[in-house]
1. Does His147 count as surrounded by fewer than 16 Cβ atoms within 10 Å (Cβ to Cβ) and either in the same structural domain as Asp340 (by TED's automatic domain parsing) or under 30 Å from Gly402 (Cα atoms) (or both)?
2. Can you name every residue in segment 312-343 that is within 16 Å of the ligand (Cβ to nearest atom) and either free of Cβ contacts under 8 Å to residues at least 24 places away in the same chain or not charged (D, E, K, R) (or both)?
3. Out of Asp252, Asp228, Asp248, which single residue is among the acidic types (Asp, Glu) and within 19 Å of the chain's Cα centre (by Cα)?
4. Of a type in the set (Lys, Arg) and away from the ligand (no atom under 16 Å from the Cβ): does that describe Arg254?
5. Of the conditions (1) touching an Asp or Glu at 6+ places or on another chain (Cβ under 9 Å); (2) buried (at least 16 other Cβ atoms within 10 Å of the Cβ); (3) farther than 24 Å from Glu377 by Cα, Arg404 fails just one. Which one is it?
6. List the pairs whose first member sits in segment 166-191 and is touching a residue at least 60 places away in the same chain (Cβ under 8 Å) and on the phi > 0 side of the Ramachandran plot, whose second member is in a loop (DSSP other than H, G, I, E, B) and near the ligand (Cβ under 7 Å from one of its atoms), and whose Cβ atoms are under 9 Å apart, counting only residues at least 6 apart or on separate chains?
7. Any idea how many residues of segment 145-171 are among the charged types (D, E, K, R), more than 13 Å from the ligand (Cβ to nearest atom) and not in a strand (DSSP E or B)?
8. Being in the same structural domain as Leu245 (by TED's automatic domain parsing), within 16 Å of the ligand (Cβ to nearest atom) and more than 24 Å from Trp267 (Cα to Cα) is true for just one of Lys201, Lys195. Which residue is that?
Amino acid sequence: MTALHEVAPTQHRADLQPYTYVRQELVEPDWRRFPGWRDVTDTQWRDAQWQRANCVKNPKQLRTLTGDLLTDRFYDELAADQQQSATMSMLVPPHMLNTIAPDASLDPEAFTEAFLRDPIRRYMIPVRSDRDPDWPSHPHSTRDSLHEAEMWVVEGLTHRYPTKVLAELVSTCPQYCGHCTRMDLVGNSTPQVQKHKLTLKPVDRQEQMIDYLKRTPGVRDVVVSGGDVANVPWPQLESFLMRLLDIDTVRDVRLATKALAGLPQHWLQPKVVEGLERVARTAGRRGVNLAIHTHVNHVQSVTPLVAEAARTALEVGVRDVRNQGVLMKGVNATPDDLLDLCFALQGEANILPYYFYMCDMIPNAEHWRVAVWEAQELQHAIMGYLPGYATPRIVCDVPYVGKRWVHQLHEYDRELGISYWTKNYRTGIELDDPEALDRRYPYYDPISTLPETGRRWWSEQA
Ligand code: SF4
């Protein structure tokens with residue numbers, strides 16, 4: 001026996017690796033554990049209309065659903081947050097709520113603890129104690145932190161990158177996420193945030209978007225978004241997509257919908273599946289890449305129904321279903337959480353792990369945000385486990401720049417938590433700006449992640 005032979009049996013022992021992959025079967029948590037859904041049948045649960053009609057929109061409905069499972073301590077925390085901090089109103093579909101604390105004991109104290117700790121609860125139903133007590137908002141946070149509305153070429157059509165546009169068809173979603181980057185526009189107003197409104201009629205807005213794309217052949221890629229396209233009545237969405245596919249310079253169409261994971265029943269309705277098949281067939285005939293982009297942040301969200309919705313879309317001809325998650329502390333900002341999620345998406349649901357965005361610099365989001373160096377460490381930690389094409393990139397969406405891989409920064413002041421980024425194209429509002437490509441654009445780490453000297457500096461500025 002050589003030394004080589006002696007070490008060989010241990011070389012592939014998974015328990016010697018920082019991360020251990022174990023295949024996990026997907027499970028739909030039992031919704032009947034909630035008192036309010038004790039008698040809900042499988043048929044009702046699979047019904048998209050039932051799901052929409054039974055969304056939880058306020059603490060009273062949550063109480064009716066959960067009976068005495070959540071103690072008053074939780075409701076006090078929730079009320080305080082809704083009054084003082086929330087930038088999004090509450091809207092949680094039953095399917096999504098059912099993925100919170102799926103294995104918790106039904107003893108009220110234990111259930112409340114599990115509910116508070118739960119990663120999906122932390123971003124769908126935020127409470128006061130989640131927020132950063134010292135710096136709930138970064139001094140440079142802004143409502144429309146990516147300046148999308150500034151770059152509208154017609155209402156709702158953001159032309160930020162040279163060859164791509166974002167078409168916001170609607171300002172609502174079937175679910176509202178606490179960290180929504182479009183908190184400026186999406187959803188209902190909260191005590192803290194008076195939302196802006198789209199003013200054109202949907203039909204006029206869509207007309208103007210199509211018109212712009214016809215006159216701008218350099219745009220080849222259209223992200224059809226919102227809000228969530230699941231809230232656009234299907235005939236209207238199909239008509240818009242067919243008109244897009246009529247423009248022969250459009251070569252990529254991506255549908256943005258968190259509902260694929262939050263309300264998969266929507267994407268399993270026969271009228272939607274049949275319509276999607278017609279669109280996919282047309283896209284295929286015209287050689288256009290039609291994809292669905294969804295937004296899943298934690299492995300608990302990947303259930304058999306989500307996998308069924310993704311596979312159904314693929315079966316009817318959608319080329320790819322991809323995930324764009326958001327990297328958030330307390331939700332998924334560890335290597336194990338990211339890898340568990342990516343393996344479930346890739347291996348069990350045929351959803352390609354594509355991006356994790358760093359949470360944007362909107363108000364009251366500091367407790368979710370990670371520093372750029374933390375994101376770099378996470379990117380390093382998840383390399384090499386998944387197939388290369390399914391290894392997600394962690395990206396920082398730098399204001400006035402766009403998405404950058406987290407290692408692409410130009411300079412980094414770790415003490416003050418300011419990174420500087422450059423870019424290689426002009427956004428729609430800088431076409432006449434001779435310095436746009438030479439400028440350095442700042443991005444800011446959460447102040448709580450800085451060394452003492454950096455935290456002091458920010459306090460002095462404040
Ligand atoms: S689904 Fe997307 S657009 Fe809608 S609230 Fe969540 S993050 Fe915002």
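The values are calculated or read from the model by the stated rules, or taken from the named source; none is laboratory data. Please read all numbers here as calculations on a predicted model, not as lab measurements. FYI the Cβ positions are ideal-geometry reconstructions off the backbone, even for glycines, and counts take in every protein chain you see.
1. yes
2. Once the filter is applied, which keeps residues that are within 16 Å of the ligand (Cβ to nearest atom) and either free of Cβ contacts under 8 Å to residues at least 24 places away in the same chain or not charged (D, E, K, R) (or both), segment 312-343 yields Val321, Asn323, Gln324, Gly325, Val326, Leu327, Met328, Val331, Asn332.
3. Among Asp252, Asp228, Asp248, only Asp228 is among the acidic types (Asp, Glu) and within 19 Å of the chain's Cα centre (by Cα).
4. Criteria not met by Arg254.
5. Exception for Arg404: condition (3).
6. Gly187/Met88; Gly187/Cys173; Gly187/Tyr176; Gly187/Cys180; Gly187/Gly227
7. Residues flagged as among the charged types (D, E, K, R), more than 13 Å from the ligand (Cβ to nearest atom) and not in a strand (DSSP E or B) within segment 145-171 amount to 2.
8. After ruling out the rest, the residue left standing is Lys195.
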